[in-house]
Amino acid sequence: MAVKYELIKQCKQSGARLGRVHTPHGVIETPTFMPVGTQATVKTMSPEELKTMDAQIILSNTYHLFLRPGHETVRNAGGLHKFMNWDRPILTDSGGFQVFSLSEMRKITEEGVHFRSHLNGDKKFLSPEVAMEIQNALGSDIMMAFDECPPFPAEHEYVKKSLERTTRWAERCLQAHARPEDQGLFAIVQGGMYKDLRIQSANDLTSMDFPGYAIGGLSVGEPKHLMYDVLDYTVPILPANKPRYLMGVGSPDALIEGAIRGIDMFDCVLPTRIARNGTTMTSQGRLVIRNAKYAEDFSPLDPECSCYTCTNYSRAYIRHLIKADEIFGMRLTTYHNLHFLLQLMRDVRQAIMDDRLLDFRDSFFTSYGLFDNEKGF
């Protein structure tokens, strides 16, 4: 099997898992956060910089690479690792979420999804078989099954039909997957906010024995407490000997709460997207560097941070760059935010090892100001 999970220990205080995911391109210490490199690049960052901050695995996007430059080009380059000069693990999503969120014109059938490219309006088609063909060409360590992403909110009957199609598509993905010996295929549990449907989806998919399981359809606009409720009853029915991946979640509060509920892997564009607007995450909470009060502030973004940005540059300088729309400013804030979340996950892993993750959560939430912060970042 290409991808294997190794449990190291469970936190006696919280039940969170410390583990390792073994892949063809290396071992991932979990719980982990995966920076998102949508178009075979984490925006503004070089692979070397990602290694310096010890990103263990990055995510790339099937939908975007299918449209541009095309998966055949990536295959001809020797696969995604060679194409982008990254020799650590890569996870590719299936393209399902982007089809449903980016494409104006789309028609869902049992066969797959007909849609128009958001780039130029060209007619395109994605199905379980096509999603597998693309990801096999990309050569990612972890591939995702092609799923349908119901909107939030959605009626029970609609979500039930949708998840049953996702289950049938998952079976087709398994059959179409051409490289199971060196690429692990994860299934995606759907079911919206309905407990009976989440349980149905999880039971159906676990019976097919995938190498890992993701929980999809969360972080789509629902309140945080609803997401945590779904995790509370879904995670326990996923196999304990397989990795568990919560898709699209990257705010500090949700990373910690997810880990407490037994999640191993997270990804989100949040740290990189907000960084480009000048919003940073610090040990004392959210800091919007554009604000006028930082114009003469020559201290680092975060005095407690050891990253390249905080070691070398002041708030005043970074504010100047962001206000002037300088790319270097976006690079500095992006570097810091990614380093901050990767360091947070190192701290989470240490807290699990020390059986004190609930204590760590409380002290982190207090210093970050999360008890009265709806956004979570």
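Taking a 24 Å limit on the Cα-Cα distance, which of the listed pairs Lys51/Lys242; Lys293/Lys375; Lys51/Lys82; Lys9/Lys224; Lys82/Lys242; Lys9/Lys242 fall beyond it?
Values: Lys51/Lys242 26 Å; Lys293/Lys375 22 Å; Lys51/Lys82 16 Å; Lys9/Lys224 27 Å; Lys82/Lys242 28 Å; Lys9/Lys242 14 Å.
In this structure, Lys51/Lys242; Lys9/Lys224; Lys82/Lys242 lie more than 24 Å apart at Cα.
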Handout entry: Simple label model, 7 Å out from Cα along Cβ direction - Asn85 to Asn291, nm
Key = 3.8
Handout entry: Options (i) 0.96; (ii) 1.11; (iii) 1.40 - which one matches Rg/Rh (Cα atoms, Kirkwood Rh) as calculated here
Key = (i)
Handout entry: Unmatched cysteines, the chain - criterion: no other Cβ of a Cys under 4.7 angstrom
Key = Cys11, Cys149, Cys173, Cys268, Cys307
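Evaluate the stretch 250-377: find the radius of gyration of its Cα atoms, find its Kirkwood radius, and give the ratio Rg to Rh.
Working: Rg = 14.8 Å, Rh = 15.0 Å.
We get a ratio of 0.98 for the stretch 250-377.
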Completion exercise
Extend 7 Å from the Cα of Glu110 along its Cα-to-C-beta direction; within the stretch 183-200, residues with backbone N under 19 Å of that point are none
Problem - Folded to 0 to 90 degrees: helix 156-176 orientation relative to the chain principal axis, Cα - result: 80
Fill in the blank from the handout: Within the stretch 1-65, DSSP-loop trypsin sites (Lys or Arg not before Pro) with at most 13 other C-beta atoms within 10 Å are Lys12
Practice task
Can you tell me the FRET efficiency between Glu157 and Met1 if r is taken as the Cβ-Cβ distance and R0 is 41 Å, rounded to the nearest 0.05?
Solution key: 0.65
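Where does the stretch 19-167 land on Rg(C-alpha)/(2.2 N^0.38 Å)? Before the final figure, lay out the partial values.
Working: Rg = 16.2 Å, N = 149, 2.2 N^0.38 = 14.7 Å.
That works out to 1.10 for the stretch 19-167.
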Practice task
Determine which lysines satisfy two conditions relative to Lys160: a Cα distance under 19 Å, and not lying fewer than 8 residues away in the same chain.
Solution key: Lys107, Lys195
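Summarise the accessible area of the stretch 275-367 (1.4 Å probe, protein heavy atoms) by the percent that is carbon and sulfur. Walk me through the numbers on the way to the answer.
Numbers: 2010 of 4210 Å².
Looking at the stretch 275-367 in its full context, I get 48 percent from C and S.
Note down the relative contact order for the chain as a percent, whole number, built from C-alpha pairs under 8 angstrom at least six residues apart.
Values: 749 pairs, mean separation 69.2, N = 377.
Answer for the chain is 18 percent.
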Exercise for the section: Would you compute, from DSSP H runs of 4+ residues alone, the mean residue ellipticity of the chain at 222 nm, taking -39500 (n - 2.57) per run and dividing by the full residue count, rounded to the nearest 500? Expected result: -12000 deg cm²/dmol
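Considering only protein heavy atoms and a probe of 1.4 Å, how much of the accessible area of the stretch 1-89 is carbon and sulfur, as a whole percent? Before the final figure, lay out the partial values.
Working: 1760 of 3580 Å².
That share works out to 49 percent.
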Completion exercise
Nearest 10, in degrees from 0 to 90: the angle of helix 357-368 to the longest Cα principal axis of the chain is 50
Practice task
Average the reciprocal distances over every distinct pair of alpha-carbons in the stretch 147-301, invert the result, and give the Kirkwood radius in Å.
Solution key: 17.3
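Using a 1.4 angstrom probe, figure out how much accessible area the stretch 275-367 has per residue, in square angstrom, rounded to the nearest whole.
On the way: 4210 Å² over 93 residues.
Spelled out: the 1.4 Å probe surface of the stretch 275-367, per residue, equals 45 Å².
The values are calculated or read from the model by the stated rules, or taken from the named source; none is laboratory data. What you see is a predicted model; the values in this text were computed from it and never measured. Using ideal geometry, Cβ is built from the backbone for each residue, glycine included, and neighbour counts are taken over all protein chains shown. What goes into the accessible areas is simple: the full protein's heavy atoms, side chains included, and nothing from ligands, DNA or RNA. Shrake-Rupley method; radii C 1.70, N 1.55, O 1.52, S 1.80 Å.
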